[in-house]
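Computed from the coordinates by the stated procedures, all read-outs in this text should not be read as laboratory data. Just so it is clear, the model here is predicted, and its values are computed rather than measured. Cβ placement follows ideal geometry from the backbone for every residue including glycine, while neighbour counts extend to all protein chains displayed.
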């Protein structure tokens, strides 16, 4: 992956502003409205189901005694994983001076925020008594000697997700400040025709002014700003590794065969980046088409992301292999049974072998198309593979959660997990919730970091100028 | 106050005006009578003259003297001075008995604040010794069944209207008085007083008035067989504890046959491999609980139980006292080992070898035969053959005690009399039919035509506790009380039991004894009747004192039995026996009684339906059990709904592929398929009596030739266990007795164990125990050699711990709430597998995986080693449930109680145990409420808890004494002794969770 500037937009700064802020400053298109309506409907269905389950109980879901975690936890791990790409791009790639990240980092970070918001829903709504969730926070209280259990990975989750969300949010917002200032400055040029327009513009002006927190763009400001971004990037970097490691410990610290594996933390991190990049790619391909940002999000970006997907895909495949090898090597019959059951190579039926083979095909086979330059520079192929990878990664969590639980130690307690309408409703609704926020974001804030693109562009010009 | 009248039509606000309107509407229309001024002037009673005044005054005085409520002297009165034994919060136990058509079950009822909350066995009873079955425990919910008749009812035109029970009885008396042909159809009764009350009614109407029938047929068959073989209709006392070798031909004596609780206790007392262990051989069609516990089990084809018995008799005959008896010789002659083998499907060598074994155990063996599943249309025939075998072997008088029988005076009518009654009914010759707790429309074979016949009876009077199928056909339904609400007595095994009411009738009902007394025109005080007219014939000494003692003890030993001389077998009885001489062709059905539902009389009890069948683990349904080969050859798969038809009648039930069932044989449980018993039982399962045969020689339940076709697939059958293979994981360990004798650790599986203490977290510190600070180390040992899988413990646990029933759909989803379950695994060939049982409850692990993962610390280790659960602290992450290797934690998926429980079912709840709300995890607590109750008592008396005082509900419920609970930190206790046995192992010890439950390897006596 090249560290050179991948852009050569060759437009004046004002034009760049125009290009990037076009979706923010113009009225929404029909396509946006349709997408927004769909997302909102799905979201409302989800909230309806959540409300209903609050009222009557979790029995409306398909979970049962051996399989006490189902779609909710699968979705939780899936969405936390999705978020990782954003932080990786904005923090780690920043520290490594990967300049191609510039035009995608804003959207990827936004995706992180919304993915974590989606993910964080699930631990709450999967509780039997969500109104008692405050029991999980370690604050001084009068409930006697009972406090939170610091041995529990679920408690670690609370800290991990909480930290991750707050750091990501601050990082994202700080990155937005110069661009919001640009918006603020450009709003003065607008001339609303109607009274209502004037009123709304007034509100927008105030909001943007507050959000720009008095950004003046002086050299001193920039100096401080660059330092702060560096510090925040350094703070975020360990989170890329820690959050999904801790999520993986929900499984790894248990005694359940198929969960009880030391490889889980790195395996989950690789998987998270794998699925996160696939999601970024899906979104980027759509954005660059819809908002005509092809000169900002270039084929080079997509190709680089494709290479990350190839790499992390192979890491995930390696982890799968290790799991099986360890099971085979362990001499532990129960462990071996679980993996045979996953693959469906038993002398009796394995009801969930199909999910393993979906996962295998999507995650292990599909990234290898990325070896070929022709394929990884083909938008259609990339788009399909990005979606296929995410389907595979969702099923990876399905395999881990469901197949491990449905047949554990005592064959007498083995049972099936059959999701209900409520499970599917929340699965789809979570995407609605995510896209609800994302669609609002692309309409309200610049989805490409304008200042950074300009800086790169300027640096490029400078380099060229000095070079010749 | 009427705002309108005071303020006219003025109002302050819209709300005020609306309110005014509402108040005006609400006011009584009679508030302002027309002649109000006249009334005010002259007074309310102005029209009352002196005569009228006196009339009303007199009536009022006399009415004040009449006590409207019936208030006999023996009724409970509110405490003015609280008796010392009645402490709020302290349970009171009453010794009483359940006396019904099954016999006499001595019970101890635990009452809290005047409400019975749990039924337990009566430990001091000389015969039962506290043994109980699931059936016995379930009675508590039948008392509080919201669908029970709350008052009597009368049919006017098409619909029933409620009338009070006293009126209903008066009406019944009127109806009976005017009628010429009155008949009574009734179930058996083992209460001398009830019988006597009834007989005073019957006496006036001739001996043929009453017909007594047996829906399941177990008892009637045994009485008939005994009468034929030995001349007197009794059920002897089978002494399973005295027999070294037991051979059962179809008799499910551990599950459903006669008194399974007593037999289980006796049998299990001989399942100690360190002492003289007995051996159980079972030949049967459908795998029963007894068959599943057999050391050797012979699956035989449906309809061939009699053949097997005859074949066995033939092998045993030579050299015996009956060897030269012509009738005997003639009867058994066709059934050579080879012939028997060809018909039944058992190997000829196996028949010979079992006969050889029996011959070695003369006088020390016991052969039992019979049961619903052996009724072949000739009542008692199989008993005659079994009696012959026992007489040949000299068991009669030794392992079969007949001098003091279990049940005597079996007043069952012959099948011919029943057939005659139905004919009479059909022909309109019966004016009044009184049904005494009988539901013939439901539980007589459809072939009998009872359903049509009952419509031709002018007046049907039903004494019933539910508006069941037969009561629905009645003109008058008299509501009968539950046995916990009634006085009664019972006589069984020479022991006279007095059954006392533990609570006043919840509804307007009367006990059956009272009802009969009134129908007979006698004084309705049943208590006096029992005490003064009956008890004297059983009790000795001063009646008042003896009765009082019998009341508080619950029983009085009137006669003691024991070994005696053998009876003379009447060989002539064999002459009428007709057994098949050829093997069946096509599909042959056998009908059997299930452990949980029995004959279906209590089909409205959700707990019975939720209790999984011990063998198949299916609940909320009966099913068509077929062999794997039959299913394959017909293309049937699990999830198919089959239609079973015989002679134009058919029923639909789901398929179950039953291991150990002969090809060509099909089995189906009776007792299901109620149409009208209540909101729980209606439509649950299919009524198998539809298919049964009926003749004047007896009903046919076995060997019915049927046709089966698939009608639907994708049918959801609720089961608590879908997987039956142990996968070699050594969960239920077992070993042959011979191996055990050489190596006490036989059957154990060596695992690469983790070293203790090598965990991430420190081990629990119990050093306080070592210092003798007066705490305990609770532990449990479960002897798998004794456990029969009967599930009495499960239902006892349900009752003790307020465990909710979830229903078929939820069980299908895998959400049953049982805190303990019986795991059942099959091992070996599918044609004849070995079944293994293990009760599994929370194992209270030392390294409990659930404790580490709970984010809120809701589940914690107690200083005594219990794994405690704080429901209030639980937020329902279910992580503990995921991480439990035993999967014994249960989650409340829905609210199970609030708004769900119908009055008066809430009274069955144990006030000592929290009722869990929606969204929390629950699990076995080792009955911590009992531990704490005993701890308090011990503390106040300055001593330690004594082992005999403390029993968990499952331990108390176990008729086999397989479960022992106690302080394993104390070397003196029984629990510790069991815990230290070399036979013990901990389930999943290789996971390093260190359970506090030890299982003792099942030892199988393979002879």
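Counting other Cβ atoms within 10 Å as a rough exposure proxy, the listed residues A:45, A:216, A:402, A:453 run A:216, A:45, A:453, A:402 from fewest neighbours to most.
According to the Kirkwood relation over distinct C-alpha pairs, the hydrodynamic radius of the stretch B:770-881 is 16.9 Å. In units of the rule-of-thumb radius 2.2 N^0.38 Å, the stretch B:518-657 shows an alpha carbon radius of gyration of 1.78.
Averaged over peptide B:919-927, how many Cβ atoms belonging to another chain are found within 10 Å of each residue's Cβ?
What the average comes to for B:919-927 is 2.
For the stretch B:169-215, evaluate the Debye formula with one uniform point scatterer on each Cα (no solvent term) and list log10 I(q)/I(0) at q = 0.18 Å⁻¹, rounded to two decimals. Treating every Cα as an identical point scatterer, log10 I(q)/I(0) equals -0.61. Of the beta bridges in the protein assembly as shown, as assigned by DSSP with both residues counted there, near 60 percent are antiparallel. Radius of gyration over Kirkwood radius for the stretch A:265-351, both on Cα atoms: the Rg/Rh ratio is 1.22.
May I ask for the Kirkwood hydrodynamic radius of chain A, worked out over all distinct Cα pairs and given in angstroms to one decimal?
By the Kirkwood definition, the hydrodynamic radius is 23.8 Å.
A convex hull fitted to the Cα coordinates of the protein assembly as shown yields 251 cubic angstrom per residue.
Pairwise inverse Cα distances across the stretch A:1-131, averaged and inverted, put the Kirkwood hydrodynamic radius at 18.2 Å.
Given Cα positions, please report Rg to Rh for the stretch B:147-195, the hydrodynamic radius being the Kirkwood one.
Computed over Cα atoms, the ratio is 1.03.
What number do you get for the stretch B:888-934 when its Cα radius of gyration is normalised by 2.2 N^0.38 Å, N = residues?
Output field value: 1.29.
Over the C-alpha trace of chain B, radius of gyration and Dmax come out as 31.1, 113 angstrom.
Gain in length, residue A:151 to residue A:235, computed as 0.36 nm per residue apart minus the alpha-carbon separation, to one decimal in nm?
Length gained, residue A:151 through residue A:235: 27.7 nm.
Taking 0.36 nm per residue of sequence separation and subtracting the Cα-Cα distance, how much length would be gained by fully extending the chain between residue A:299 and residue A:381, in nm to one decimal?
Numbers: separation 82, 0.36 × 82 = 29.52 nm, distance 1.27 nm.
Length gained, residue A:299 through residue A:381: 28.3 nm.
The simple spin-label model puts a point 7 Å past each Cα toward its Cβ; for residue B:423 and residue B:932 those points are separated by 6.7 nm. When the alpha-carbon atoms of the stretch A:18-69 are used, the pair Rg, Dmax equals 18.8, 57 angstrom. For the stretch B:845-946, what log10 I(q)/I(0) values come out of the Debye formula at q = 0.12, 0.13 1/Å, with one point per alpha carbon and no solvent? For the stretch B:845-946, the Cα-only Debye profile gives -0.49, -0.57. Based on alpha carbons, the Rg and Dmax found for the stretch A:215-339 are 20.3, 67 Å.
Each listed q (0.12, 0.14, 0.19 Å⁻¹) maps to a log10 I(q)/I(0) for the stretch B:598-737 from the Debye sum over equal C-alpha point scatterers, namely -0.54, -0.72, -1.19. Between residue B:861 and residue A:322, what's the calculated FRET efficiency when r is the beta-carbon distance and R0 is 35 Å? Round to 0.05. For residue B:861 and residue A:322, the calculated efficiency is 0.50. Mean separation of Cα pairs under 8 Å and 6+ residues apart, divided by the residue count of chain A: what relative contact order is that in percent? Once divided by the residue count of chain A, the mean separation gives 32 percent. Simple spin-label estimate for residue A:345 and residue B:451 gives 5.6 nm between the two label positions (7 Å along the Cα-to-Cβ direction from each Cα). Using a cutoff of 8 angstrom between alpha carbon atoms and counting only pairs six or more residues apart, the relative contact order for chain B works out to 15 percent. Simple spin-label estimate for residue A:226 and residue B:628 gives 7.6 nm between the two label positions (7 Å along the Cα-to-Cβ direction from each Cα).
The translational diffusion coefficient of the stretch B:462-502, from Stokes-Einstein at 4 °C and 1.567 mPa s with a Kirkwood hydrodynamic radius over alpha carbon pairs, comes to 109 µm²/s. Per-residue shielding of A:152-164, expressed as the average number of other chain Cβ atoms within 10 Å of the residue Cβ, stands at 2. Which residues among the stretch A:168-186 fall inside the zone where the amide N is under 20 Å from a point 7 Å beyond the Cα of residue A:205, along Cα→Cβ? Flagged as within label range: A:179-186.
Here the ratio of the Cα radius of gyration of the stretch B:663-740 to 2.2 N^0.38 Å is 1.69. The largest-to-smallest principal axis extents of the Cα set in the stretch A:117-237 are 61, 40, 26 Å. Just how many % of Cα pairs in the stretch B:436-583 lie over 17 Å apart, if you round to the nearest whole percent? Roughly 73 percent, once rounded to a whole number.
Taking the convex hull of the Cα atoms, report for the stretch B:122-179 its projected area averaged over all directions, in nm².
Values: hull surface 29.8 nm².
Hull-based average projected area comes out at 7.5 nm².
Shape annotation for the stretch B:141-241: C-alpha extents along the principal axes are 52, 39, 26 Å, from largest to smallest.
What translational diffusion coefficient, to the nearest whole µm²/s, does the stretch B:817-887 have by Stokes-Einstein, given a Kirkwood radius computed over alpha-carbon pairs, a temperature of 37 °C and 0.692 mPa s viscosity? The calculation lands on 233 µm²/s.
Note on residue B:208/residue B:156: beta-carbon distance plugged into 1/(1 + (r/R0)^6) with R0 of 25 Å gives a FRET efficiency of 0.20.
Per residue, the convex hull spanned by the alpha carbons of the stretch B:383-485 comes to 141 Å³.
For chain B, the mean residue ellipticity at 222 nm estimated from helices alone is -7000 deg cm²/dmol, where every DSSP H run of n ≥ 4 contributes -39500 (n - 2.57) and the total is divided by all residues, rounded to the nearest 500. What share of all Cα pairs of the stretch B:232-342, in percent, falls into each consecutive 5 Å distance bin? Percent of pairs per bin, in order: 2, 11, 18, 19, 18, 17, 11, 3, 0. Placing R0 at 60 angstrom, the Cβ-Cβ distance between residue B:352 and residue A:141 gives a FRET efficiency of 0.20 after rounding to 0.05.
Counting only DSSP beta bridges with both residues in chain B, the antiparallel share comes to about 60 percent. Per residue of B:885-897, other chain Cβ atoms within 10 Å of the residue Cβ number 5 on average.
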